[in-house]
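The values are calculated or read from the model by the stated rules, or taken from the named source; none is laboratory data. Note that this is a predicted model, so its numbers are computed, not measured. Positions of Cβ are backbone-derived with ideal geometry, glycine not excepted, and every protein chain shown enters the neighbour counts. With ligands, DNA and RNA removed, areas are computed over all heavy atoms of the protein, side chains included. Shrake-Rupley method; radii C 1.70, N 1.55, O 1.52, S 1.80 Å.
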Amino acid sequence: MRILILGAGKMGNFFTDLLSFEHEVAVYDQEPQRMRFTYNCARFSSLEEVKQFEPQLLINAVTMKYTIEAFRAVMPFLPQQCIVSDIASVKTGLREFYEGCNHPFVSSHPMFGPTFANLNQLSNENAIIIAEGDYMGRIFFRDLYNKLGLNIHEYTFEEHDRTVAYSLSIPFVSTFVFAAVMKPQDAPGTTFKRHLNIARGVLGEDDFLLREILFNPYTAEQVGHIRDELNALLDIINDKDAEAMKQYLTKIRTNIHGQKTS
């Protein structure tokens, strides 16, 4: 296939490296210097080059804040049958955009990122493919993610947003709370240092991404659960209730043991 990748950031480069030896790949970025390390692909600095390339598939890997803006900029230069796709972790506004774009589309969410994941070993990572998308587009991404060894799940847009509200907002908010109350430590323990590294990674993410994850309509419910658990734990601590603490630890250990790692 002729595949155009929008954006030469970390995920854009990841998909370029992944696809360029089996497909004819081109990359477009508004900042040409970001493409200086791309390999085995065409590098476009103008949208007119996109028109001449006539891509069959477009993968939008632009920073989430500009995903829809990038789609709108490139649309006039795409063939009518070009499948358009995104890999955004938050799908706000994308379903509505696709409904009016007059192109077949596929939306997916590789649920790993360059901050924490080992991009060379992804067998414990997951990917979501949106069920409403074009059949052939879904097949393409399913085959691609299968080759990476990812665990693949197919959800609707709404199911995806509910999943993200749970799987991202809970660790993000927990990290925010840790960072909000922490003080510099001269001799931090191992657990503290691990949490600190996680916090640095999360807070290194784009502000727009963090905001949109927290503004997901299903996030408030999850944050409410965190508040309720903190209140329950605080009551146990204030009462110094050893039996209640034992029961609480048993409950959360059961939760941990029942959680899949893949």
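Show me the strands (runs of 3 or more DSSP E) found entirely inside the stretch 4-72 where at least 2 residues are crowded, with 21+ Cβ neighbours inside 10 Å.
24-28, 57-60
Which of the residues spanning the stretch 143-193 are under 16 Å from residue 107 (Cα atoms), of a type in the set (Val, Ile, Thr) and out of contact with any helix residue (DSSP H, G or I) (no Cβ under 7 Å at 6 or more places or on another chain)?
Result: 156, 163.
Does residue 83 satisfy being open to solvent by 20 Å² or more (accessible area, probe 1.4 Å), more than 25 Å from residue 217 (Cα to Cα) and among the β-branched types (Val, Ile, Thr)?
yes
So which of 145, 166 ends up being of a type outside the set (S, T, N, Q) and open to solvent by less than 50 Å² (accessible area, probe 1.4 Å)?
Residue meeting the stated conditions: 145.
Since residue 71 meets every condition but one in (1) more than 22 Å from the chain's Cα centre (by Cα); (2) at pLDDT 95 or above, which condition does it not meet?
Unmet for residue 71, out of (1) more than 22 Å from the chain's Cα centre (by Cα); (2) at pLDDT 95 or above: (1).
Residues in the stretch 96-107: is at least one of a type in the set (A, V, I, L, M), part of a loop (DSSP other than H, G, I, E, B) and open to solvent by less than 50 Å² (accessible area, probe 1.4 Å)?
no
Residue check: is residue 234 in a helix (DSSP H, G or I), open to solvent by less than 80 Å² (accessible area, probe 1.4 Å) and out of contact with any Phe, Trp or Tyr (no Cβ under 8 Å at 6 or more places or on another chain)?
The answer is no for residue 234.
Which one is nearest to residue 225 (Cα to Cα), of the residues in the stretch 170-195 that are polar (S, T, N, Q) and surrounded by fewer than 13 Cβ atoms within 10 Å (Cβ to Cβ)?
Looking at the filtered set, the residue picked out is 191.
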